[in-house]
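First comes the structure, then the notes that go with it.
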Amino acid sequence: MNDVNTHGSNNPDSPLVVIAIGGNSLIKDSDHMSVIDQYRAAGETSRYIAPIVNQGFRVVITHGNGPQVGFILLRSELAKGVLHSVPLANCVADTQGAIGFQIAQSLQNEFLRQGTRKEVVSIVTQVVVDENDPSFANPSKPVGPFMTEKEAQQHALEDGWAVAEDAGRGWRRVVPSPAPLEIIELQAIRTLVDSGALVIAVGGGGIPVVYKPDGTLRPRPAVIDKDAASCLLALALGASILIFSTDVDKATRNYATPEQADIDRMNVAQCRQYLDEGHFAVGSMRPKIESAIKFLENGGKEVIITQPHHLEGALKGIYGTHIVP
Ligand code: ADP
Ligand code: MG
């Protein structure tokens with residue numbers, strides 16, 4: 001195949017963009033939650049990412065798994081008495097495999113169609129958390145499908161679930177979400193990025209693990225926020241741009257109220273002010289804004305929040321919310 005182009009250079013001078021694909025953005029609505037629907041959504045998102053690679057950006061992809069990890073957990077619980085249950089860390093690992101493969105294959109097919117030579121690799125990633133992180137006693141990360149308050153309270157009563165209202169969209173199960181501290185496979189990810197590969201990593205925030213005193217690793221039952229893990233990875237790789245590809249066009253002030261107003265551009269000081277004023281809901285937009293602040297205060301140049309179909313335009317400054325230092 002001599003006519004194959006080599007795009008998306010591995011030139012270390014070309015800007016590195018970390019694109020965090022929202023787990024919720026892979027699910028269009030409650031009628032489109034199946035594996036095939038998610039595969040289609042991953043394919044669609046990939047079609048918007050490939051042109052970014054072709055423009056010469058180095059791209060690293062991360063993804064969420066909130067809805068998907070909840071589905072696996074629920075399936076495991078429904079199978080109680082028939083099959084072993086699946087520990088939460090394994091649910092995360094399962095979603096990394098499944099979603100990582102879907103995104104990787106979608107991109108591989110897209111590059112093939114375009115005649116672009118590009119290695120795409122999805123890495124099962126472990127992320128270290130603190131055994132004593134307060135979130136283990138205070139679950140906050142929404143997972144699984146949306147429920148009515150009545151259904152949620154019933155699960156809380158009968159199944160011991162922790163439940164919470166999610167950004168005015170309904171009730172969901174919540175699980176512990178400790179802060180990510182270190183990416184175990186970082187050096188391997190770096191080597192692959194340097195070799196010119198498009199890497200998919202820290203899926204679902206990474207599999208939560210802790211260090212034992214002897215330095216060995218053990219899994220822990222939690223789901224790390226993918227926004228925080230994406231920020232950690234972006235900083236560790238020295239990325240200049242961090243994009244949250246989610247299911248809303250822009251971050252807004254007064255979200256879901258009659259005074260809702262799009263935010264086109266804001267700096268870190270404005271982010272802090274809006275956070276203090278409570279404009280960004282816990283467990284959804286808030287972690288993106290908190291991660292944006294961390295990224296920009298530690299060397300990142302720009303954070304963009306937008307929908308998959310606006311990715312290319314957003315990088316050109318046309319769509320989305322742009323956050324700068
Ligand atoms: P993802 O899977 O992409 O992380 P989330 O559901 O966690 O998606 O975050 C995106 C959601 O954040 C939106 O669908 C919206 O309901 C919610 N949200 C909360 N506050 C805001 C806000 N101020 N502006 C925009 N969206 C918000
Ligand atoms: Mg989220």
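Observations
- In this structure, Tyr255 does satisfy being among the aromatic types (Phe, Trp, Tyr), out of contact with any Ser or Thr (no Cβ under 8 Å at 6 or more places or on another chain) and within 16 Å of ligand 2 (Cβ to nearest atom).
- Test: residue in region 202-209 that is within 11 Å of ligand 1 (Cβ to nearest atom), within 21 Å of the chain's Cα centre (by Cα) and farther than 28 Å from Asp133 by Cβ: no
- Residue within region 8-18 that is touching a His at 6+ places or on another chain (Cβ under 9 Å) and either in a helix (DSSP H, G or I) or within 16 Å of ligand 1 (Cβ to nearest atom) (or both) present: no
- Scanning region 104-122 for residues that are in contact (Cβ under 8 Å) with a residue 60 or more places away in the chain and surrounded by fewer than 19 Cβ atoms within 10 Å (Cβ to Cβ) yields Asn109, Gln114, Gly115, Thr116, Arg117, Glu119, Val121.
- Any hit, region 280-290, residues being touching a residue at least 40 places away in the same chain (Cβ under 8 Å), more than 16 Å from the chain's Cα centre (by Cα) and within 16 Å of ligand 2 (Cβ to nearest atom): yes
- Any helices (runs of 4 or more DSSP H) falling wholly within region 206-325 and containing at least 2 residues that are closer than 18 Å to Pro178 by Cα: 226-237, 285-297
Okay, residues lined up against (1) touching a residue at least 40 places away in the same chain (Cβ under 8 Å); (2) surrounded by 16 or more Cβ atoms within 10 Å (Cβ to Cβ); (3) not hydrophobic (A, V, I, L, M, F, W, C):
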| position | (1), (2), (3) |
| --- | --- |
| Arg220 | yes, yes, yes |
| Leu233 | yes, yes, no |
| Ile241 | yes, yes, no |
| Phe244 | yes, yes, no |
| Lys250 | yes, yes, yes |
| Pro258 | no, no, yes |
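- Condition met for Ile61 (within 16 Å of ligand 2 (Cβ to nearest atom), of a type in the set (A, V, I, L, M) and out of contact with any Gly (no Cβ under 6 Å at 6 or more places or on another chain)): yes
- Members of region 181-213 that are among the acidic types (Asp, Glu) and either surrounded by fewer than 16 Cβ atoms within 10 Å (Cβ to Cβ) or in contact with a Phe, Trp or Tyr (Cβ under 6 Å, 6 or more places away or on another chain) (or both): Glu182, Asp194
- Going through (1) within 30 Å of Pro15 (Cβ to Cβ); (2) without any contact (Cβ under 8 Å) to a residue 40 or more places away in the chain; (3) buried (at least 19 other Cβ atoms within 10 Å of the Cβ); (4) of a type in the set (A, V, I, L, M, F, W, C) one by one, Val53 falls short only on (2).
- Considering only residues in region 229-255 that are under 27 Å from Leu73 (Cβ atoms) and within 11 Å of ligand 1 (Cβ to nearest atom), the one that is farthest from the chain's Cα centre (by Cα) turns out to be Val248.
- The residues listed here are Gly299, Gly320; of these, the one that is more than 8 Å from ligand 1 (Cβ to nearest atom) and surrounded by fewer than 19 Cβ atoms within 10 Å (Cβ to Cβ) is Gly299.
- Just one of the numbered conditions (1) without any contact (Cβ under 8 Å) to a residue 40 or more places away in the chain; (2) within 16 Å of ligand 2 (Cβ to nearest atom) is not true of Ser34: (2).
Any read-out appearing in this document is the output of simple, stated calculations on the displayed coordinates, not a laboratory observation. Worth saying up front: this structure is predicted, and the values here are computed from it rather than measured. Every residue, glycine among them, receives a Cβ derived from its backbone with ideal geometry; neighbour counts consider all protein chains shown.
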